[in-house]
Every structure is written in C-alpha cells, then in structure tokens.
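Scroll down for the structure; my scribbles are underneath it.
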Amino acid sequence: SIAAGISVNVTLLFSVERYAEVIEAFIRGVESRLERGLEISSIGSVASFFVSRVDGKVDALLNRSADRTLQGKIAIANAALAYRLFRRSQESERWIRLSMAGAGPQRPLWASTSTKDPQYPDVYYVEALIASDTVNTVPPETLDAYRDHGQPALRIDEAIAAAPARLEALDRAGIDLRAITRELEDEGVAKFAASHAAVLSGIDAKAGTLAAR
C-alpha cells in the first residue's frame, strides 16, 4: 500500500517483534517509490502500538504469583522498547537516504493509553510515553485529566533504560509476553473484523431498502 502511494495507519500492534515487521514494510514501500522515481514526501503513516491492554493481561497473571512488583510496569516497558526500535530505524542508512529524499517518518502512535486499573494514576501511560515524533490517541477524559494535573516532561529515556530488566524479570516469573501479545492481537483482529462485518451488513440492509423503493 505504501509503494502504491496509500497512507496507512497500521493498527493493533502489541509486540516489538510485529512492530519491526511494520517498520520494514514501510521502509520497503517508500524505497520502492523512490526507485521508480515517484513522489514520497506526501506519504503519511503511523504505527498504532497498544499500551494499557498489555498490563491488563500481565497484571492478572502476576496476581497469581508471589512477586507483584512488576504490576503496572510491563506495558510501558514494552512500548518503550518499541520506541527504541523506532529511533534505531531512523538512524539507519536506509532511512537517512529516504529522509534526505523527502520522506517523512512513520510515527509511533500510542493507543489504549487510558488507565483501565484505578490503582494507577489517570495519566499514568500518557506521561510515561511522551516522546518526539509520536502520536497519542488520548481519550477525552484522559486528556481532561492531563490538562488538569499532567506534568509535561520527556520520560521516555527513563522507560527505555528500565525496560530490559523488567522484561527479564517477567520472563523469570514464567510469564510469556510474546504469547500474551499474540493473544491480544488475535482478540483485537476478531473484534475489528466483527465491527467491519457489522458495518457492511448495515450498508447492505440500507442499500436493499433504497433499492426496494
């Protein structure tokens, strides 16, 4: 789609591994256009990486373990490592060549940044993931909370520094983050597919009604 000049929001990303595939596809698409002498400066794309849903799954498993110190920490760690990957991709020779030719970045978009668990602050995920070249689809109530008592600061480097140790500790606790992110992706795709089918069904019903008049 990128190679064809279509701007894309790649959504339902939960794992760093899947995000790496998305970055590669985006870069390949822009490279394809450049090699064919086509315009690349107007191509826009975001990669929607979901955050709080990861803690929802992980925290439930940690509740059954003796060590609960990782609760509320894995979703941010996971997203921070995704942002580290984005930074590294922007420093690659391939991307620098495309950027110099006029390409814009495929920005990470933080999705699911409202706080689902009341034990965490209402701006918990928003504050931790403030970073350059990112988008955040903040729900209205979370945005209102941030306007009221948010503390703007770049904290992403702190999250990146802490992330490897936290994910290693999660692995030692016997919790498979890759399995969790695969499950979240499967669930998300099923929900999106159902919504899509419902929209098409509604369109078909409306078209049938209009055709019968």
>> Given the options Ala190, Ala162, name the one that is open to solvent by less than 40 Å² (accessible area, probe 1.4 Å) and aliphatic (A, V, I, L, M).
In response: Ala162
> Across the stretch 118-167, what is the number of residues that are assigned to a helix (DSSP H, G or I), of a type in the set (Asp, Glu) and within 30 Å of Ala103 (Cα to Cα)?
Replying inline: 3
>> Restricting to the stretch 22-47, name every residue that is in a helix (DSSP H, G or I), open to solvent by less than 30 Å² (accessible area, probe 1.4 Å), of a type in the set (A, V, I, L, M) and closer than 14 Å to Arg97 by Cα.
In response: Ile27, Val30
> Are there any pairs with C-beta distances below 7 angstrom linking a residue in the stretch 1-26 that is farther than 13 Å from Arg178 by Cα and modelled with pLDDT of 95 or more to a residue that is polar (S, T, N, Q) and open to solvent by 30 Å² or more (accessible area, probe 1.4 Å), with the two at least 6 apart or on different chains, and if so which?
Replying inline: Ala3/Ser32; Val8/Ser1
> Any idea how many residues of the stretch 48-68 are more than 17 Å from the chain's Cα centre (by Cα) and open to solvent by 30 Å² or more (accessible area, probe 1.4 Å)?
Replying inline: 8
>> Suppose we keep only residues that are out of contact with any helix residue (DSSP H, G or I) (no Cβ under 7 Å at 6 or more places or on another chain) and under 19 Å from Ile160 (Cβ atoms) within the stretch 97-110. Which one would you say is surrounded by the most Cβ atoms within 10 Å (Cβ to Cβ)?
In response: Leu109
>> Any residue at all in the stretch 36-48 that's of a type in the set (Lys, Arg) and under 26 Å from Ala161 (Cα atoms)?
In response: no
> So which of Ala159, Ala173 is closer than 22 Å to Lys73 by Cβ and at pLDDT below 95?
Replying inline: Ala173
>> Here are the criteria: (1) among the small types (Gly, Ala, Ser); (2) in contact (Cβ under 8 Å) with a residue 24 or more places away in the chain; (3) open to solvent by less than 40 Å² (accessible area, probe 1.4 Å). Tell me which single one Ala145 does not satisfy.
In response: (2)
>> Which condition from (1) more than 19 Å from Leu167 (Cβ to Cβ); (2) open to solvent by less than 80 Å² (accessible area, probe 1.4 Å) is the one that Arg94 breaks?
In response: (2)
>> Show the residue pairs meeting these rules: Cβ distance below 7 Å; 6+ apart or different chains; first residue within the stretch 187-212 and closer than 21 Å to Thr11 by Cβ and of a type outside the set (A, V, I, L, M, F, W, C); second residue open to solvent by less than 80 Å² (accessible area, probe 1.4 Å) and not in a helix (DSSP H, G or I).
In response: Gly188/Leu12
> Are there any pairs, at least 6 apart or on different chains, whose C-beta atoms fall under 9 Å, with the first in the stretch 83-111 and assigned to a strand (DSSP E or B) and the second surrounded by 14 or more Cβ atoms within 10 Å (Cβ to Cβ) and of a type in the set (Lys, Arg), and if so, which?
Replying inline: Ala111/Arg53
> Restricting the search to the stretch 1-21, which residues are of a type in the set (A, V, I, L, M) and in a loop (DSSP other than H, G, I, E, B)?
Replying inline: Ile2, Ala3, Ala4, Ile6
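The values are calculated or read from the model by the stated rules, or taken from the named source; none is laboratory data. Bear in mind that the values here come from a model prediction, so they are computed numbers and not experimental data. Every residue, glycine among them, receives a Cβ derived from its backbone with ideal geometry; neighbour counts consider all protein chains shown. These accessible areas exclude ligands, DNA and RNA; they are computed on the full protein's heavy atoms, side chains included. Shrake-Rupley method; radii C 1.70, N 1.55, O 1.52, S 1.80 Å.
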